Each structure stands twice: as C-alpha cells, then as structure tokens.
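The values are calculated or read from the model by the stated rules, or taken from the named source; none is laboratory data. Remember, it's a predicted structure, so these values are computed and weren't measured experimentally. Cβ atoms come from the backbone with ideal geometry, glycine included; neighbour counts cover every protein chain shown.
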Amino acid sequence: MQIESLKVFCDLAETESFTKSAQINGITQSAVSQQIGMLERTFKSLLIERSKKKFRLTREGEILFDFSKQIIQLYDSCQHSIQEVKEIVSGTIRLATIYSIGLHDLPPYLKFFLKTFPTVNVHVEYRRANQVYDDVLSNVVDLGLVAYPMKDSKLEIIPLRKDKLVLICHPQHPFGTLKGIRLAALEGQKFIGFEPDIPTRKAIDKILKDQGVQVQTVMEFDNVETVKRAVEIDAGLSIVPLATVSQEVSKQTLHPIDLEDGDFHRPLAAIYKKGKILSPAMKQFITTLKG
C-alpha cells in the first residue's frame, strides 16, 4: 500500500466521482478502480457501496477516509517542510479562476511567478464562480480566484485587490463623450447584464437598487467578454471592471465612464480549502498575487 493509493481514495471520497479523482491524480478511471480494489484487498473490507444511484462509503471506508486524511496531511506537511529547509520551490499548482480574472488580472502575475520559479507548473482552469468553489472544496484544484468572495466555514479567503467598476458604452452613444455620470441617468436605458447567478451581476443590481435606478436589461451573458462584444455593437450600456476593458479602450471600440455616485469596486480574492497544507510553491504564488 502506498501514499498515492490513500490519496486517490480520499479524492474519490471527497469528489464522489471516479472521473474527478482520476483527473486530480493524472491517472485513468480504470487505475482509480484498481487502486480502490487493492485497498479493499489489503484491509479485507468493502470500502465503497457500489450503486448507480448514489456514492457512499461503508463504515470501514469512513474509518479509512478519516485516517488517510491525517496520513496524507502529515506526509504533505513533512514534504513541504523539507522543501522549505532546502529552499526548493517546485511542483504543480492547480488553479481555478473565473474568466474575467483569468483573462485580465492573472496574466502579469503568472508571467512574473513562472519567470521567478521556472520549476513550478501552474495548471489553470477557467470556470464559472460556483464551479470554482466546488473545485476548491472537492480538492480538484489547490487554489481558486473569485470576485466578491463568499464566506464559508470550509474556506480560507485571502483578499487580493479591488477592480474599479465603470460604465461602458459605444463611442457613438450619446454618453460617448462623458467622463463621469450619475447613475440616475441610466434610468430606462438599454442595459447588457451578466446572468442572475453571477456575483458581479448581484453586486450591480444592488448598486442600481440602492440608487433607485431601473434599467432595461436587453441581454444577459455569463462572461465579460460577451458583454463587451454586445456593447461594442451598441446594443446597450453595461457596468464592468475597468481592468477588463483596457484593450477595447485603447482601440477606442468602447468608452469608459466614471460612476459619480460613489466609489464602486469589485473585490478579488484567492480561496483554498481550510486545513490544506500549502506547499512552498503555493505560498510563493499567493505572495505574488498579493503583491
């Protein structure tokens, strides 16, 4: 029996998915099944109740899961401590990020980090916000990058920085020459919004509601790139993080306007599962993001 087999078993127990467990460990689903079978033969116990309807550990499986987590945590802690003593920063970081952060905020930090620590491999997954949380909690990834971080007793949240929110419009729109605007001026205007479950959408809805402003939402999308394309064809106005439109502003395909009613920002954060042992590489990556 090896540490790797116990880790595969723990990943399977946490994700309740042979596919995800295989993905996390870089092996096939067949290899996952084989390692679980090996553990069952070693302990002479059925560890998982095989059912198409629901995944469930047996009582023996629950006992092995509890002890295996402790063994893996101790092993990781030992390995990372040795790396720190030897000043080694290497390995793989599995990262899940929402699209806007991954495309606009992350690249310069990632470029700097990989140049500084060339022996570290960073695997990036682009996901919706709810999927980032799921991936972090199920150990599919080591770290997540989100906006408007949700408090969760199972998560550690590391505040990073804040993106300024601005109104954007087509340069030929009547607002196209303005530098600043009051939110009241948006009353009844055609508006391009994010889908209702997107955290940025919820924050923008609150901003407009607090100001007593009702817009005419004509389109809804799940990512900022599509929102921008809709504004570029003059389908309506939108409110987005300023960092996400720098390229369009420089090309003069979008016009940004400051919101004069207040200082509106989108908070960004890194998240990881509480109790997770951070490798030297992960610690350095978080330090880079904070910097």
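Looking at ALA270, ALA185, which one is touching a Phe, Trp or Tyr at 6+ places or on another chain (Cβ under 9 Å), within 25 Å of ASP134 (Cβ to Cβ) and of a type in the set (Gly, Ala, Ser)? Lay out the reasoning, then the answer.
Details: ALA185 fails: within 25 Å of ASP134 (Cβ to Cβ).
Unique residue meeting the criteria: ALA270.
Could you please find all residues in segment 138-149 being farther than 16 Å from SER21 by Cβ and either over 9 Å from the mean Cα position of the chain (by Cα) or hydrophobic (A, V, I, L, M, F, W, C) (or both)?
Start the filter on segment 138-149 by keeping residues that are farther than 16 Å from SER21 by Cβ, which leaves 143-149.
Listed by number, the residues that qualify are LEU143, LEU145, VAL146, ALA147, TYR148, PRO149.
Of the conditions (1) in contact with a helix residue (DSSP H, G or I) (Cβ under 6 Å, 6 or more places away or on another chain); (2) in the same structural domain as HIS173 (by TED's automatic domain parsing); (3) not acidic (Asp, Glu), HIS255 clears all except one; give me its number.
(1)
Can you tell me how many residues within segment 224-272 are out of contact with any strand residue (DSSP E or B) (no Cβ under 7 Å at 6 or more places or on another chain) and under 13 Å from ILE101 (Cα atoms)?
Residues flagged as out of contact with any strand residue (DSSP E or B) (no Cβ under 7 Å at 6 or more places or on another chain) and under 13 Å from ILE101 (Cα atoms) within segment 224-272 amount to 2.
Return yes or no: is GLY193 crowded, with 19+ Cβ neighbours inside 10 Å and either without any contact (Cβ under 8 Å) to a residue 12 or more places away in the chain or farther than 26 Å from TYR272 by Cα (or both)? Show your work before the answer.
Values: crowded, with 19+ Cβ neighbours inside 10 Å: yes; either without any contact (Cβ under 8 Å) to a residue 12 or more places away in the chain or farther than 26 Å from TYR272 by Cα (or both): yes.
Answer is yes for this residue.
Are any residues in segment 112-148 farther than 14 Å from ILE98 by Cα and β-branched (Val, Ile, Thr), and if so, which ones?
THR116, THR119, VAL120, VAL122, VAL140
From SER30, SER68, SER21, SER51, grab the single residue that is surrounded by 14 or more Cβ atoms within 10 Å (Cβ to Cβ), without any contact (Cβ under 8 Å) to a residue 60 or more places away in the chain and polar (S, T, N, Q).
On the way: SER30 fails: surrounded by 14 or more Cβ atoms within 10 Å (Cβ to Cβ); SER68 fails: without any contact (Cβ under 8 Å) to a residue 60 or more places away in the chain; SER51 fails: surrounded by 14 or more Cβ atoms within 10 Å (Cβ to Cβ).
Just one listed residue meets the conditions, SER21.
Determine whether ILE192 is of a type in the set (A, V, I, L, M), in contact with a Ser or Thr (Cβ under 6 Å, 6 or more places away or on another chain) and outside any loop (DSSP other than H, G, I, E, B). Lay out the reasoning, then the answer.
On the way: of a type in the set (A, V, I, L, M): yes; in contact with a Ser or Thr (Cβ under 6 Å, 6 or more places away or on another chain): yes; outside any loop (DSSP other than H, G, I, E, B): yes.
Yes: the conditions hold for ILE192.
Only one of ARG128, ARG161 is loosely packed, with under 15 Cβ neighbours inside 10 Å, within 17 Å of VAL240 (Cα to Cα) and not aliphatic (A, V, I, L, M); which?
On the way: ARG128 fails: loosely packed, with under 15 Cβ neighbours inside 10 Å.
Just a single option satisfies the conditions, and that option is ARG161.
Looking at segment 249-262, which of its residues are buried (at least 18 other Cβ atoms within 10 Å of the Cβ) and in contact with a Leu (Cβ under 7 Å, 6 or more places away or on another chain)?
Of all residues in segment 249-262, those buried (at least 18 other Cβ atoms within 10 Å of the Cβ) come to 254-255, 257, 259.
Matches in segment 249-262: ILE257, LEU259.
Among the residues of segment 263-277, are any over 18 Å from LEU167 (Cβ atoms), surrounded by fewer than 17 Cβ atoms within 10 Å (Cβ to Cβ) and touching a helix residue (DSSP H, G or I) at 6+ places or on another chain (Cβ under 7 Å)? Don't jump to the end; show me each part of the working.
Applying the first criterion (over 18 Å from LEU167 (Cβ atoms)) to segment 263-277 yields 267-277.
From what's left, surrounded by fewer than 17 Cβ atoms within 10 Å (Cβ to Cβ): 267, 274-277.
Subset that is touching a helix residue (DSSP H, G or I) at 6+ places or on another chain (Cβ under 7 Å): 277.
There is at least one residue in segment 263-277 that is over 18 Å from LEU167 (Cβ atoms), surrounded by fewer than 17 Cβ atoms within 10 Å (Cβ to Cβ) and touching a helix residue (DSSP H, G or I) at 6+ places or on another chain (Cβ under 7 Å).
It is to be established whether one or more residues within segment 125-137 are part of a helix (DSSP H, G or I), under 12 Å from the mean Cα position of the chain (by Cα), at pLDDT below 95 and charged (D, E, K, R).
Yes, that holds for at least one residue.
Checking GLU156 against (1) out of contact with any Gly (no Cβ under 9 Å at 6 or more places or on another chain); (2) touching a residue at least 24 places away in the same chain (Cβ under 8 Å); (3) surrounded by fewer than 21 Cβ atoms within 10 Å (Cβ to Cβ); (4) on the phi < 0 side of the Ramachandran plot, which single condition isn't satisfied?
That leaves (1) as the condition not met.
If TYR148 passes every condition in (1) in the same structural domain as ILE233 (by TED's automatic domain parsing); (2) at positive phi but one, which one does it miss?
Of the numbered conditions (1) in the same structural domain as ILE233 (by TED's automatic domain parsing); (2) at positive phi, the odd one out for TYR148 is (1).
If I go through segment 258-291 residue by residue, how many of them are hydroxyl-bearing (Ser, Thr, Tyr) and part of a helix (DSSP H, G or I)?
Looking only at segment 258-291, we keep the residues that are hydroxyl-bearing (Ser, Thr, Tyr), and these are 272, 279, 287-288.
So of that shortlist, the ones also part of a helix (DSSP H, G or I) come out as 287-288.
Final tally of qualifying residues: 2.
Take ASP76 and tell me if it is exposed (fewer than 15 other Cβ atoms within 10 Å of the Cβ) and assigned by TED's automatic domain parsing to the domain that holds CYS10.
Details: exposed (fewer than 15 other Cβ atoms within 10 Å of the Cβ): no; assigned by TED's automatic domain parsing to the domain that holds CYS10: yes.
No, not satisfied.
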